[in-house]
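Before any comments, here is the structure.
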Amino acid sequence: TARIVELALAGDAPCRRAVGDAGRYVGAGVASLCNLLNPTRVVVGGDLGRAGDLLLDPMAEAVSRSAISSAASLVSIVPGVLGDRAEVLGALALVLQVTFNP
């Protein structure tokens with residue numbers, strides 16, 4: 001996945017299409033989550049998160065098209081900023097929360 005994103009960002013047309021297609025498919029799933037859970041933010045991390053607007057724009061379009069309009073208007077889809085540290089920082093946050101807020 002990382003190599004496909006790298007090539008897509010460099011302008012490789014088939015890879016750009018693959019990332020855009022992934023965004024549309026993931027966006028359809030996110031639309032279902034919006035209909036069920038009504039989140040205000042969806043954070044996309046990992047290799048696909050590094051694709052930026054190549055992935056996020058098709059995701060947002062799919063959510064706008066497939067989710068209930070009130071849910072779609074409330075959600076923002078953003079790239080993750082924690083990078084490879086996301087899992088470790090999330091685990092640390094969970095330990096701190098359980099330790100200090102039992």
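Numbers at a glance
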{"quantity": "Amide proton proximity set for Val44, modelled H, under 5 Å, gap of 5+", "calculated": "Val78, Gly80"}
{"quantity": "Per-residue [θ]222 nm for the chain (sum of -39500 (n - 2.57) over DSSP H runs n ≥ 4, rounded to 500)", "calculated": "-22000 deg cm²/dmol"}
{"quantity": "Kirkwood hydrodynamic radius of the stretch 1-57, Cα pairs, Å", "calculated": "11.7"}
{"quantity": "The chain: angle of helix 53-66 to the longest principal axis, Cα-based, in degrees nearest 10", "calculated": "80"}
{"quantity": "Pairs of Cα atoms farther than 19 Å apart, the chain, %", "calculated": "50"}
{"quantity": "Per-residue ³J(HN,Hα) for the stretch 2-9, Karplus 6.51 cos²θ - 1.76 cosθ + 1.60, θ = phi - 60°, Hz, x for Gly and Pro", "calculated": "4, 5, 5, 5, 4, 5, 4, 5"}
{"quantity": "HN-Hα J in Hz across the stretch 86-100 - Karplus 6.51, -1.76, 1.60, θ = phi - 60°, x for Gly and Pro", "calculated": "4, 5, 5, 5, x, 5, 4, 4, 5, 4, 5, 5, 5, 5, 9"}
{"quantity": "Charge dipole (debye, nearest 20) of the chain; +1 at Cβ of Lys and Arg, -1 at Cβ of Asp and Glu", "calculated": "140"}
{"quantity": "Placed amide H near Ile68: partners under 5 Å, 5+ positions off or other chain", "calculated": "Asn35"}
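Values in this text are rule-based calculations from the coordinates and carry no lab data. Bear in mind that the values here come from a model prediction, so they are computed numbers and not experimental data. Here the Cβ is made from the backbone with ideal geometry for all residues, glycine too, and neighbour counts use every protein chain on show.
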